[in-house]
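Note sheet for the following structure.
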Amino acid sequence: MRHAPRPDPAHRLDLSQRPRRNRKAEWARRLVAEHVLTTNDLIWPLFLIDGEKRRVPVAAMPGVDRLSVDEAVREAGRAVALDIPAIAFFPYTEPKLKDERGSEAFNDGNLVCQACRAIKREFPQLGLVTDVALDPYTSHGHDGLISESATGEVRILNDETVEALARQALNQARAGADVIAPSDMMDGRVGAIRAALDAEGFLDVQIMAYAAKYASAFYGPFRDALGSASALKGDKRTYQMDPANSDEALREVELDLDEGADMVMVKPGMPYLDIIRRVKDEFGAPTFAYQVSGEYSMIMAAAQNGWIDGDKAMMESLIAFKRAGADGVLTYFAPRAAERLRRAR
């Protein structure tokens, strides 16, 4: 039996600690791994579109389609097979259904409600997360109701919007949503939604608050997928957070938890790993990250150009969220990552 040559004592460093010993082989690295990614950490966002048997590619997000409800049911079955615990919905609303007040959000037959009912019939064990915000439904592209001055200045109405969001949340809960996820960043919306859900007997419906949602350039492909980018009047900086701020995120999270949030989210993900870490250390509450469309598209574009290994970059980015303190990640990579994790078992 051949043995590796021993180093020449004349060149041997006098070291009592050699961290590389724990990296010497795959089995050793597995034993000392501090963080582990599993399918339990994944939530898969799906885009919905009207019609039947439709899959419409999102140009800016390679590998991602808008799905008709029947195709979303098919993908829900795939999620169950891959042991992904939950999926989230985001609708592409036809322009003719949009108006100033986002009325389609309150329609019990809208795409999100249709998808909830259809998937719960087929896969009752799968968690359903629904987005609460008006931007997929408003003709102006904002998350809330607006007041527009004679000079064209747009002001987002906080309290009137909160009333509308509570109504939207109830509509989704009645359709079978398990987790209501308000992404609007209006003040007081978590408390209002919790009160509305409890008053109607939805005591077990959870709230995952987008507690620290930043005004980010990384949302671009998502807005294209929803068809809200071209409609947006002005920007969202009066309600989404300034990327320069960190302490403010802690104040936002604290308020949402005090108002009844069961889980909190930081969005985007990768540029805000420090925020995830601060939130988890400060509150210890279930904390999630959203690996947003721009993050996904950057990895996919670089991989398609041969600049990086796409699968390795995907997995590295996901374990980074776990390392930062996230309990789970909303990611468009969910099925691809789950497949890779299954092969690695």
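Summary of computed values
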item: Residue order, fewest to most beta carbons within 10 Å, for ILE156, ILE43, ILE319; result: ILE319, ILE156, ILE43
item: Sequence of HIS140, HIS11 once ranked by neighbouring C-beta atoms within 10 Å, starting from the fewest; result: HIS11, HIS140
item: Within-11-Å neighbourhood charge of ASP204 [Cβ basis; K, R +1; D, E -1]; result: -3
item: Nonlocal Lys pairs with alpha-carbon distance under 20 Å, region 37-343 (8 or more apart, or different chains); result: 14
item: 3J(HN,Hα) from dihedral phi, region 66-74, Karplus parametrisation 6.51/-1.76/1.60, rounded to Hz, x for glycine, proline; result: 7, 10, 5, 4, 5, 6, 5, 4, 4
item: Choice from LEU46, LEU330, LEU13 showing the highest fluctuation, given a GNM over the chain with Cα pairs closer than 10 Å; result: LEU13
item: Bridge type composition, region 105-216 - antiparallel percent by DSSP, nearest 5; result: 40 percent
item: Listed residues VAL58, VAL264, VAL253, most fluctuating in the chain (Gaussian network, C-alpha, under 10 Å); result: VAL58
item: Total charge dipole magnitude, the chain, about the Cα centre, Cβ charges on Lys, Arg, Asp, Glu only, Debye to nearest 20; result: 2340 debye
item: DSSP-defined antiparallel bridges as percent of all bridges, region 37-343, nearest 5; result: 15 percent
item: Label-to-label distance, nm, for residues given as GLU339 and ASN40 (7 Å Cα→Cβ offset); result: 2.5 nm
item: Diffusion constant of region 211-270 at 10 °C, which comes from Stokes-Einstein with the Kirkwood Cα-pair radius and 1.306 mPa s, µm²/s; result: 124 µm²/s
item: Mean ellipticity per residue at 222 nm, deg cm²/dmol - from DSSP H runs of n ≥ 4 across the chain, formula -39500 (n - 2.57); result: -11500 deg cm²/dmol
item: Segment ARG155-ASP70, length gained on full extension (0.36 nm per residue, minus Cα span); result: 26.8 nm
item: Residue of ALA81, ALA192, ALA244 that the Gaussian network model of the chain assigns the largest fluctuation, springs spanning Cα pairs under 10 Å; result: ALA244
item: ALA59-PHE106 FRET efficiency (beta carbon distance; Förster radius 41 Å; 0.05 resolution); result: 0.85
item: Using θ = phi - 60° and Karplus 6.51 cos²θ - 1.76 cosθ + 1.60, couplings along region 181-186 (whole Hz; Gly, Pro as x); result: 10, x, 10, 7, 6, 7
item: Which of ARG66, ARG23 has the fewest Cβ neighbours within 10 Å, and the rest in rising order; result: ARG23, ARG66
item: Estimated translational D of the chain in µm²/s (Stokes, Kirkwood radius over Cα pairs; 4 °C; 1.567 mPa s); result: 61 µm²/s
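Every number here is computed from the coordinates shown, using simple stated rules; none is lab data. Keep in mind that this is a model prediction, so the values were computed, not measured. With ideal geometry, Cβ positions are generated from the backbone for all residues, glycine too; neighbour counts draw on all protein chains shown.
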